[in-house]
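> Below: one structure in structure tokens.
The values are calculated or read from the model by the stated rules, or taken from the named source; none is laboratory data. Just so you know, these numbers come straight off a predicted model, no measurement behind them. Cβ placement follows ideal geometry from the backbone for every residue including glycine, while neighbour counts extend to all protein chains displayed.
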Amino acid sequence: MDLRDLLSGLFWLVISGFVCLESTRLGTGTLDYPGAGFIPFWSGVILGILAILVIVRGGLKRKGERRITDLWTGVRWGKVIWILFSLFLYCLLLPTIGYIITTFGLMVFLLYVMDRSKVWIVAVSASIIILVSYLGFHILLDAKLPKGVFGF
Amino acid sequence: MDILHSIFYGFSVGIEPTNLLFCFLGVLVGTLIGVLPGIGPIGTISILLPLTFRISPVSAIIMLAGVYYGSMYGGSTTSILVNIPGEAASVVTCLDGYEMAKQGRAGPALGIAAFGSFIAGTLGIVGLMFVAAPLAELGLRFGPPEYFSVILFGMTLITYLSHGSVINALIMGAFGIILSCVGIDPIHGSPRMTFNTMQLWDGVDLVPIAMGLFGVSEILINVEQTENLEILKTKIKSFFPTAADWIKSKGAILRGTLLGFLLGVLPGGNPIIASFLSYGLEKRISKEPEKFGRGAIEGVAGPESANNSCTSGAFVPLFTLGIPSNAAMALMFGALLIHGIRPGPFLLKDHPDLFWGVISSMYIGNVMLLILNLPLIPMWVQVLKVPRRILYPIIILFCIIGSYCVKNNIFDVVTMIIFGILGYLFKKFEYESAPLILAFVLGPMLELNLRQSLILSNGSFLIFFKRPISAVIIIISLIFIASSLISLFLKRKKRNIQGELIK
């Protein structure tokens with residue numbers, strides 16, 4: 001039994017069910033005048049059939065058992081969690097605090113998470129990255145980076 | 001004569017200082033990301049896409065094209081010196097390229113990869129010049145049924161040619177089409193799957209999806225790994241292959257060029273598949289197949305030529321029919337739309353500066369790449385030593401800025417992160433992202449052409465079989481689908497028989 005296939009198949013089946021329901025609400029129309037829900041509905045049906053095939057495939061596999069946890073064995077998955085947490089926090093703070101301070105904080109955190117170097121190395125590296133990115137994107141390319149309450 | 005005039009006109013566009021600069025930037029960045037394992041050309045193109053908003057469409061496509069074909073050159077360096085492919089299309093080069101390096105022949109391996117890429121790239125551009133105009137003429141006869149059939153064929157071929165499970169690739173294709181439906185329905189104007197969120201009324205943007213799936217997810221996967229790069233300590237005496245090397249390689253280069261170009265033209269073909277097929281072909285026809293995997297120079301020359309000519313071929317369906325043949329072309333398609341240019345049969349007529357300018361810049365770019373990739377190899381080796389702990393946060397920052405700058409909205413950054421998580425999980429559960437992105441880009445065209453065809457035929461699907469071009473393409477698609485299913489069934493049967501024999 002392949003638990004990975006079973007889990008992923010179930011995920012796609014749920015997506016398929018949701019899409020088909022939503023499409024029915026929109027209206028699939030008729031063949032000579034397809035409605036807004038026509039393509040999403042049939043795409044959802046195809047997705048559902050394929051999801052069932054994946055579940056069946058997972059159930060039929062006999063040789064060995066592929067566990068979900070094996071995917072994260074022997075790898076540094078903690079770093080991934082920290083990176084994602086910092087990115088979501090960054091999105092929350094960016095519009096309020098502004099690009100320079102928020103991004104400096106993010107860079108310091110990411111550089112430290114990637115490899116625990118000395119604090120001053122991390123701070124200097126982050127400062128250089130911010131300076132170059134600000135000059136390159138905001139000044140040279142005129143990208144509108146958020147200013148926040150501090151005005152920068 | 002017409003083509004000659006057009007080429008001269010193209011060169012007059014290509015050698016403008018701005019376009020020369022962007023061509024150089026594109027091939028330089030392309031070589032850089034080709035050399036560095038971790039992020040590939042698709043992720044890089046998606047990151048650079050928002051930066052092209054402020055430059056002319058010609059310069060934008062010249063630069064992005066340079067990134068694409070430039071990465072094919074750069075990828076071979078890491079494959080040969082480190083035994084890790086710089087990007088996916090150079091996986092096969094590791095097999096014989098690294099062996100050659102271990103035998104003290106890194107120079108000829110790097111040389112034949114660069115020269116083979118140059119020859120194939122140049123011949124591929126010649127092919128593009130001569131095939132594009134007639135195909136554009138044919139494209140003028142296309143109506144909604146023909147467009148629907150070609151797009152369907154493209155999606156079918158992608159699943160047929162995917163590395164992993166066909167079912168998984170089909171799932172990603174279906175999901176891509178569903179994602180493309182989010183937003184306002186183009187015919188009825190009603191919101192679809194927007195969850196009462198105003199930011200989703202315009203649909204999900206291509207840039208955050210691409211950056212998330214190919215940029216952020218790649219970083220997350222790489223950050224988990226613990227292995228370090230070890231560069232082979234070898235002295236590179238000369239980059240020039242010997243006369244014997246050229247005799248062995250000339251056939252492989254020409255065959256790789258033709259195979260790569262044809263695969264590039266077909267919707268669904270991509271440089272990764274081209275390089276694998278070329279390697280397989282060379283091994284099959286070689287008089288000494290046992291030498292493959294042990295330093296056979298044909299095993300480097302063929303695949304490296306194929307992946308380069310494929311990049312030229314890939315522009316053919318994009319420019320002439322307006323159909324991107326792979327994920328990178330899907331992003332180019334997005335770039336053209338952002339600049340208000342609709343690729344298709346009228347592109348040659350309405351924007352000859354773009355078409356011929358890009359072609360001429362590809363000639364110029366190939367020359368630049370030959371110079372960048374041989375004498376500057378020692379510099380690229382130093383680049384490989386840049387710690388990944390510095391590189392990854394910079395790439396994440398570029399992804400954030402790129403996503404934000406699409407509409408100056410934090411929602412797109414959140415979208416990018418969500419797709420980064422999805423891309424990371426897709427890789428873990430063995431689902432490829434390329435079919436998703438291609439289906440996402442082709443989805444709106446598929447839907448519009450299908451609905452228009454059904455309206456024209458009063459709901460009859462026979463319209464796709466009554467029109468000859470459409471009928472031929474649909475039949476070929478069905479053959480490919482049937483062949484995939486039969487192959488799947490036979491593999492399963494073989495596995496069951498082997499399992500019973502073992503018992």
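> Kindly indicate whether any position in segment B:454-468 is of a type in the set (A, V, I, L, M, F, W, C), in a helix (DSSP H, G or I) and within 7 Å of another protein chain (Cβ to nearest Cβ).
We begin by selecting, within segment B:454-468, every residue of a type in the set (A, V, I, L, M, F, W, C); these are B:454-456, B:461-465.
Add one more test, that the residue is in a helix (DSSP H, G or I), and what stays is B:454-456, B:463-465.
With within 7 Å of another protein chain (Cβ to nearest Cβ) added as a condition, the list becomes B:454-455.
Yes, the conditions are met somewhere in segment B:454-468.
> Assuming B:Ser286 fulfils every condition listed in (1) touching a residue at least 24 places away in the same chain (Cβ under 8 Å); (2) more than 10 Å from the chain's Cα centre (by Cα) apart from one, which condition is it?
Against the list (1) touching a residue at least 24 places away in the same chain (Cβ under 8 Å); (2) more than 10 Å from the chain's Cα centre (by Cα), B:Ser286 comes up short only on (1).
> Right, B:Ser477: in contact (Cβ under 8 Å) with a residue 24 or more places away in the chain, among the small types (Gly, Ala, Ser) and within 12 Å of chain A (Cβ to nearest Cβ) or not? Give the derivation first.
Numbers: in contact (Cβ under 8 Å) with a residue 24 or more places away in the chain: yes; among the small types (Gly, Ala, Ser): yes; within 12 Å of chain A (Cβ to nearest Cβ): no.
In short, no.
> Among residues belonging to segment A:24-54 that are of a type in the set (Ser, Thr, Tyr) and out of contact with any strand residue (DSSP E or B) (no Cβ under 8 Å at 6 or more places or on another chain), point out the one that is surrounded by the most Cβ atoms within 10 Å (Cβ to Cβ).
Applying the first criterion (of a type in the set (Ser, Thr, Tyr)) to segment A:24-54 yields A:24, A:28, A:30, A:33, A:43.
In the following step, the residues that additionally are out of contact with any strand residue (DSSP E or B) (no Cβ under 8 Å at 6 or more places or on another chain) were identified as A:24, A:30, A:33, A:43.
Values: A:Thr24: 13, A:Thr30: 12, A:Tyr33: 14, A:Ser43: 27.
The residue in question is A:Ser43.
> Listed residues A:Lys144, A:Lys79; which is basic (Lys, Arg) and either part of a helix (DSSP H, G or I) or touching a residue at least 12 places away in the same chain (Cβ under 8 Å) (or both)? Outline the logic, then answer.
On the way: A:Lys144 fails: either part of a helix (DSSP H, G or I) or touching a residue at least 12 places away in the same chain (Cβ under 8 Å) (or both).
Every option except A:Lys79 fails the conditions.
> Can you find even one residue in segment B:388-405 that is surrounded by fewer than 20 Cβ atoms within 10 Å (Cβ to Cβ) and more than 10 Å from chain A (Cβ to nearest Cβ)?
For segment B:388-405, residues surrounded by fewer than 20 Cβ atoms within 10 Å (Cβ to Cβ) and more than 10 Å from chain A (Cβ to nearest Cβ): absent.
> Look through A:Arg116, A:Arg57 and report the one residue that is in a helix (DSSP H, G or I) and surrounded by fewer than 18 Cβ atoms within 10 Å (Cβ to Cβ).
Details: A:Arg116 fails: in a helix (DSSP H, G or I).
When all the criteria are applied, what remains is A:Arg57.
> Being at pLDDT 90 or above and farther than 17 Å from B:Cys405 by Cβ is the filter here, so list the residues in segment A:130-152 that pass it.
Listed by number, the list holds a single entry, A:Leu131.
> If I ask for residues that are more than 9 Å from every other protein chain (Cβ to nearest Cβ) and aliphatic (A, V, I, L, M), which ones from segment A:133-152 would you list?
A:Leu135, A:Ile139, A:Leu140, A:Val149
> Moving to a separate point now. Going by what's in this entry, would A:Val122 be described as surrounded by 17 or more Cβ atoms within 10 Å (Cβ to Cβ), facing chain B (nearest Cβ under 10 Å) and farther than 30 Å from B:Ile55 by Cα?
On the way: surrounded by 17 or more Cβ atoms within 10 Å (Cβ to Cβ): yes; facing chain B (nearest Cβ under 10 Å): yes; farther than 30 Å from B:Ile55 by Cα: yes.
In short, yes.
> Give the number of residues within segment B:46-58 that are more than 13 Å from chain A (Cβ to nearest Cβ) and either surrounded by fewer than 23 Cβ atoms within 10 Å (Cβ to Cβ) or of a type in the set (Val, Ile, Thr) (or both).
3
> Let me ask something additional. Would you confirm whether or not segment B:180-196 contains a residue that is of a type in the set (D, E, K, R) and within 9 Å of chain A (Cβ to nearest Cβ)?
Taking segment B:180-196 as the starting set, the residues that turn out to be of a type in the set (D, E, K, R) are B:185, B:192.
Filter once more, keeping what is within 9 Å of chain A (Cβ to nearest Cβ): B:185, B:192.
Looking for residues that are of a type in the set (D, E, K, R) and within 9 Å of chain A (Cβ to nearest Cβ), one finds at least one in segment B:180-196, hence yes.
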